[in-house]
1. Going through the range 43-59 one residue at a time, which ones are open to solvent by 30 Å² or more (accessible area, probe 1.4 Å) and without any contact (Cβ under 8 Å) to a residue 40 or more places away in the chain?
2. Pairs please, first residue from the range 376-397 and within 15 Å of Leu628 (Cβ to Cβ), second anywhere and open to solvent by 20 Å² or more (accessible area, probe 1.4 Å) and modelled with pLDDT of 85 or more, Cβ atoms under 6 Å, 6+ apart in sequence or on different chains.
3. Which of the residues spanning the range 46-69 are at pLDDT 85 or above and of a type in the set (Gly, Ala, Ser)?
4. Take Ala136 and tell me if it is part of a helix (DSSP H, G or I) and surrounded by fewer than 21 Cβ atoms within 10 Å (Cβ to Cβ).
5. Here are Lys619, Lys554: which of them is part of a helix (DSSP H, G or I) and either farther than 30 Å from Val640 by Cα or of a type in the set (Gly, Ala, Ser) (or both)?
6. Which condition does Ser156 not pass, out of (1) buried (at least 24 other Cβ atoms within 10 Å of the Cβ); (2) of a type outside the set (A, V, I, L, M, F, W, C); (3) in contact with a strand residue (DSSP E or B) (Cβ under 9 Å, 6 or more places away or on another chain), if it passes all the others?
7. Out of curiosity, is Ser484 open to solvent by less than 40 Å² (accessible area, probe 1.4 Å) and among the small types (Gly, Ala, Ser)?
8. For the range 444-471, give me each residue that is within 18 Å of Phe695 (Cα to Cα), open to solvent by less than 80 Å² (accessible area, probe 1.4 Å) and touching a residue at least 24 places away in the same chain (Cβ under 8 Å).
Amino acid sequence: MANKLLGVPLKKPSEVDIVKPLNNLIQSTYSGASAEDKGKYAECVNEFSRQRNSAIWKFFEKYEASLEVVYSYFDQICALETKIPVNELQIPFKWKDAFDKGSIFGGKISLTHTSLLYEKVCILFNIAALQSCLAAEQSLESDDGLKMAIKLLQQSAGIFQYLKGAVPAAIPSEPTPDLSQDTLQCLQALMIAQAQEVFITKAIKDNMKEIVIAKLCCQCEEFYADVLKAMQKDSVRTLWEKEWIPSIAGKQAGFHALTQLYQSLVCRSAKKIGEEIARLRNAVELFKAAQTRSGNATYLDGHFTRAKRNLAESTKDNEFIYNEMIPDVNSLATPGKAQLAKPITLASPLSSNFKDIFNELVPVELHRALTASDMRKSEIINAEILKLREATQTLNAVLASLNLPACVEITDDGSGLPPSLMEKANDVRQKGGIETVKKHLKELPELLNRNREILDETERMLDEERASDNQLRNQFKEKWTRISSDKLTEMFRTNAKKYREVINNAIEADKTVRQKFETNEKGIELLSLPHQQLQQAMPVAGGSVDPSCASVQKLKHLMENVETIKAERDAIESELKSTTFNMKNEFLQALQKDGVIDEPALSLVHIGQVLSPLQAQVKESIERQQSLVSDVQIAHSEFVSETGSSGNARDKLCKELATAYDSFIELLGNLKEGTKFYNDLTELLVVFQNKISDFCFARKTEKEELMKDLTTESSRQAPAPTPTLPSHYSSTSGSGADISTTDGSASSMATANTGSMGGIPYPQSVQGMPMPYGAASNVPYPSYAPPPMPQGFNPYATLPYPGTPFQYSGFPQGPPPGHYGTYPGSFANHQGGYPNQKPPGW
C-alpha cells in the first residue's frame, strides 16, 4: 500500500576493556567474600564482557533472533546497576553518532563517556533502532507480519520516549546529535506515525468500516505532518537520510488522500453525491501530490486508480441523475480521528528468559547497610574494650608504683629475683627484647616515606590532568565543552588532603612512641638481659619479709583478686570480639517493604539487645576495680608500717623494671600497630592512586576524542540548504500547518535540566575516607575509620575500598573490615600483627 517503512540507523560501538575495572569494583565492594566467591565473581565479569562483545555487534545482524541477545545485555546492565556503585565505575565507553556519515555537516561524530548510564542509553537507542529496522523488514501481507511490525514500532517509540528523560541524566555534556532532545522527539513521533500506518494497512486488509479507516487515516496524516515539521527544525534538518523527508512528505499527503477517499465511500453509502465528488476530486489531487513528493510514481497507485474511477462514475451519475451542487472541499467537516498507535512503556526485563549473571551479589544498598551496621557495631565494641584496657592500665600503674606483687614475694637469700619479675623478664626475652623494639623503630621512617611518595605521585597526576584541561580550555574557549577538572576532582583533592593529615598525625605518633622508648630504654635493656646478668644487676635486699605477716597475707589475697579481675576482662573482651549478628534478613525486608533501609534505627536496636549484657559486665568490672585499688593501697600502707619496707634501692629498681615491662608491652603493641597502620595506609593509598590513574586515563581518552571532533569540525564546510518541499495542501486535522515550515515546534517534548551535575560519571564521594584526629599520650597514633582493607595488594583496584569479614576492629588481627581502632594503640593483648607485606616494586 505504501512506501517502505523507515528504519533508524544504528550507533556504532567501540570495544573496551570492562573486565579489569568492573572486576576491581566488585572485588572492592564485596571484599568480605570468600576466595571461592571472588573467583565466581571474576568469572561472572568475564561472562558479562563476552555478553557485551556479542550484543554490540548483534545489532548489525538485523534478525529477530538478535533482539533476544541485545535484550539480555540491557537487562543485565539494569540488574548490575543495583549491585555496584555505578558512579564509581570508570570505563571509557565510546559510541559514534548514528547519523554521522562522514559528511560535511556539523555535530559530534562520537562521544566517550565513563558512565554505565551512558552505555545504557546507547544500548537502548540501538535497541529502538533495531526494532524499527526489523519492523521495516516485516511482510505486511500477513497478519503475523503486521502484528510484529506494530509491536516493534510501538516498543521503539516507547524507548525513544524514555530516552528523552534518561539522556540528560546520563550525559551531562553535549550529547551526539542522535541523542539530542529534538532528534529523540522526531524519532518517537516517526515510530508512532509508522505504527498508525501499519494499523491502517491491517484495517483495510480486514475490511473494516470505511468511517473507521477514514478516522485512522486522518490521525495518521496529522502524525506525519507533525513528524515533517519536527524534522525540518534547524537543529536536526541535516541529520536525516536524503529520502526521509520526501518519503514523509509523500505519506502526509497520501494519508490525507486516503482520508478523503474513505470518507467519500461513506458519502456514497449515504447518497451524498455532491460531497462525495468534492472529496474524490481533492483525493485525486492529493494522490498526485503524494507521488510527486515521495518521488515514487506508483505510491498508493491502487487507491489512486480507485479514486479516479469512483470520481468518473459519481460525476456521470450526478450529471444525469442527481444534479447536486458540489461543495467547496474546505467547507466540509473532517471525519474525526482515531488513534490506535501509542508508545509501549519501557519495562525490564525485556528478555523473555533473562538470567542475572550476578545473581549472587546482593543489592548495593543492602551491602552498604550491612557494612555500615558492622562499622557501627565495631565502634561500640571498640569503646567497651578501650574502657577495659584503660582500666587495666590504670591498675598496672598503681601496682607498679607500690612494687606489687614483687615486694611481698619470697626469695631465698634476698638477692634473687622475685617470681613476678622473673616472669616479666622471661616474657620480654621471648618477645625479642629491646632489639625487636629498635628494629621496628628503624622501619617506621621507611614505611612513612613509602606512603608519602605514593600520595605525592597521586597529587602530581591530579595536577598534571588539571593543567592539561585548563590549557586546552584556554585554547579552544567555549568549544571545550567537557566538565572542568576542578569540579570533577574536588572530592579527590579533599581526600588527598585528609590522607596528608593522616600522615602528619602519624609522624607525631612516631615521635610519641620514640619518646616513650627513650624514657624506659634502660629498664627494657635490663629486662632483656639473661637471667644471671639481671640477677647480678639487682641490689641485695636490706631485710627479709615475714610471709606470715597479716599485711603480707592480705596483699597476696588482693593480688589474687587482681589476677581474677584481669582474667575476667580477658574473657569479656573475647566475648565482645566474637559477638556476631546477621542483619541481612531485616534489611531485606525493610528494602522490599519501604524501598529504603533505615540502617541506624534497625542496627542500634539489635546491637543494644546483643551487647547490653556485656556492657553491664564492663561497667561492673570497672566499678569493682575502684574498691579493689582502694583496698590494695590501704593494705600496702599497713604492710609498710609492719615491715618497715619503705623503698630501698632494690624496691626502687623493681618498680622501674615493672614500669619498663608495662612500657615494653605497650611499645611492642604500638610498633606492631604502627607497622600495620603504615601497611594498611599503603593499601588505601595504592587503591586511591589507581583510582586517580583510572580517572586520568578516562579523562585522557575523553580529551583525545573531543580534540578529534574539534579538529574534524574545523575542516567541515557549511551545510547545504534543504530543498523546500511543496505545501499545497493543509492537514485534515484542521491545523493548517505548512509542511515546509522549518521553525515550527514539534509536539510536546519532555524537558530535562541538562545543567545539573547529578549525571557526572565520575564519583562525587569516596566512601570510607579516613578521618584523622589528634593523638593522645596513651593512644599516640591517629584513630580513623577507613574502609575495609583488601586481602592483598591489588595493583588494579579502582574503587574504595575492599574488606574482610568483621572481627574486632582496632587491634592487629589482620586487615579489619570496616573500622580501625587506635593506631598503634597501647595495649598488650594482640593476636598477631599485620604482615609487613610490601607491594611489588617497593
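The values are calculated or read from the model by the stated rules, or taken from the named source; none is laboratory data. This is a predicted model, so every value here is computed, not measured. Please note: Cβ atoms are built from the backbone with ideal geometry, for glycine as well, and neighbour counts cover all protein chains shown. When the accessible area is computed, the model is the full protein with side chains, heavy atoms only, and any ligands, DNA or RNA have been set aside. Shrake-Rupley method; radii C 1.70, N 1.55, O 1.52, S 1.80 Å.
1. Glu43, Asn46, Arg50, Asn53, Ser54, Lys58
2. Once the first residue is within 15 Å of Leu628 (Cβ to Cβ) and sits in the range 376-397, its partners that are open to solvent by 20 Å² or more (accessible area, probe 1.4 Å) and modelled with pLDDT of 85 or more give Ala391/Ile622.
3. Across the range 46-69, the qualifying residues are Ser49, Ser54, Ala55, Ser66.
4. On the way: part of a helix (DSSP H, G or I): yes; surrounded by fewer than 21 Cβ atoms within 10 Å (Cβ to Cβ): yes.
So Ala136 fits the description; yes.
5. Working: Lys554 fails: either farther than 30 Å from Val640 by Cα or of a type in the set (Gly, Ala, Ser) (or both).
Only one candidate qualifies: Lys619.
6. For Ser156, the exception is condition (3).
7. Working: open to solvent by less than 40 Å² (accessible area, probe 1.4 Å): yes; among the small types (Gly, Ala, Ser): yes.
Here the answer is yes, as Ser484 does meet what is asked.
8. The first filter runs over the range 444-471 and keeps only residues within 18 Å of Phe695 (Cα to Cα), leaving 454-470.
From what's left, open to solvent by less than 80 Å² (accessible area, probe 1.4 Å): 454-459, 461-463, 465-470.
Residues satisfying the conditions are Ile454, Leu455, Glu457, Thr458, Glu459, Met461, Leu462, Glu465, Ser468, Asp469.
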